[in-house]
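Asks: Let me give you the structure first, and then I'll get to my questions.
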Amino acid sequence: MIETTARLLQHRGYHGTSLNDILQESGAPRGSLYFHFPGGKDQLVIEATRAAVDEATEALREALVNAKTPAQGVRAYAETAADIMRETDYTFGCPVAPVILDATAGLTELADLCRQALEDWSELLRKSFVEAGIPKRRADALALLVISSIEGALVITRAYRDCRSLTTTAAELEAAVAAALPQQRVT
């Protein structure tokens with residue numbers, strides 16, 4: 001149910017995802033929904049969003065750790081998102097954007113979870129940039145640039161059903177971060 005809910009949320013948003021849709025697509029009986037999620041749809045949406053955020057966070061962390069430079073890590077992360085977009089017929093997206101855009105501010109825990117996800121992703125980027133020698137103030141600005149650019153590119157990619165905007169954004173972000181890295185002296 002959590003995987004189905006996360007997928008439906010990314011595709012349809014909070015208000016476009018009904019309990020009936022979740023039950024039908026997951027094949028779960030209604031009784032098991034309330035047994036595992038006594039808080040109903042809201043609790044299920046929170047858990048599904050948390051799981052999807054954890055997955056996205058881990059993917060970003062891995063991209064940054066496995067790359068030679070944070071610039072390459074940013075590009076790898078965005079290109080992985082492009083690959084997933086193609087594989088999912090352009091239904092993949094950010095796990096928090098549809099929820100935020102659906103104006104679910106009345107669900108404080110969900111709003112907090114989405115805000116925290118954006119902060120965590122920014123912090124992963126900032127930390128990687130600072131560790132590579134980028135001054136903190138510049139690292140803060142670059143992290144914001146990366147997050148906002150990828151979020152926007154995901155929306156554009158989905159609208160056009162074409163990954164060129166995301167891969168172009170990935171290349172430009174790589175160049176911007178690489179330009180901020182201290183130059184290595186060859187001795």
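Just so you know, all these numbers are worked out from the coordinates, no wet-lab data involved. Computed from a predicted model, the values in this text were never measured in an experiment. Heads up, the Cβs are rebuilt from the backbone with ideal geometry, glycines too, and the neighbour counts pull from every protein chain shown.
Asks: Among ALA51, ALA82, ILE100, pick out the residue whose Cα is farthest towards the positive end of the charge dipole of the range 51-187, where Lys and Arg carry +1 and Asp and Glu carry -1 on C-beta, about the Cα centre.
Replies: In the range 51-187, that residue is ALA82.
Asks: Shifting gears a bit: Take the Cβ-Cβ distance between GLU3 and LYS136 as r, set R0 to 35 Å, and report the resulting FRET efficiency rounded to the nearest 0.05.
Replies: That pair, GLU3 with LYS136, gives E of 0.40.
Asks: Considering only DSSP states other than H, G, I, E and B, which trypsin sites (Lys or Arg not before Pro) in the range 127-179 qualify as loop sites with at most 11 other Cβ atoms within 10 Å?
Replies: The qualifying sites are ARG161.
Asks: Using each residue's phi in the range 161-168, evaluate 6.51 cos²θ - 1.76 cosθ + 1.60 at θ = phi - 60° and report the 3J(HN,Hα) Karplus result to the nearest Hz, with x for Gly and Pro.
Replies: The phi angles translate into 6, 7, 8, 4, 5, 6, 6, 5 Hz.
Asks: Within the range 1-33, name every residue whose backbone N is under 18 Å away from a label modeled 7 Å from Cα of ALA59 along the Cβ vector.
Replies: 2-13
Asks: What whole-number distance in Å separates the alpha-carbon centres of the range 132-146 and the range 41-88?
Replies: Each part reduced to its Cα centre gives a spacing of 19 Å.
Asks: Rounded if a/c is under 1.5, else prolate if a/b beats b/c, else oblate: with a ≥ b ≥ c from the C-alpha gyration tensor eigenvalues square-rooted, which is the range 52-180?
Replies: Because a/c hits 1.5 or more and a/b fails to exceed b/c, the range 52-180 counts as oblate.
Asks: Just flag the trypsin sites (Lys or Arg not before Pro) in the range 10-114 sitting in loop per DSSP whose Cβ has no more than 12 other Cβ atoms within 10 Å.
Replies: Sites meeting the loop and neighbour criteria: LYS68.
Asks: Calculate one ³J(HN,Hα) per residue across the range 68-84 by plugging θ = phi - 60° into the Karplus curve 6.51 cos²θ - 1.76 cosθ + 1.60, and present them in order as whole Hz with x for glycine and proline.
Replies: 3J(HN,Hα) across the range 68-84, in whole Hz: 5, 9, x, 4, 5, x, 4, 5, 4, 4, 5, 5, 5, 4, 5, 4, 5.
Asks: Sticking with this structure for a sec: Using a ≥ b ≥ c from the Cα gyration tensor of the range 8-79 (square roots of the eigenvalues), is it rounded, prolate or oblate, where a/c under 1.5 gives rounded and otherwise the larger of a/b and b/c decides, a/b for prolate?
Replies: prolate
Asks: Given a cut-off of under 8 Å on Cα pairs at least six residues apart, what relative contact order in percent is computed for the chain?
Replies: 25 percent
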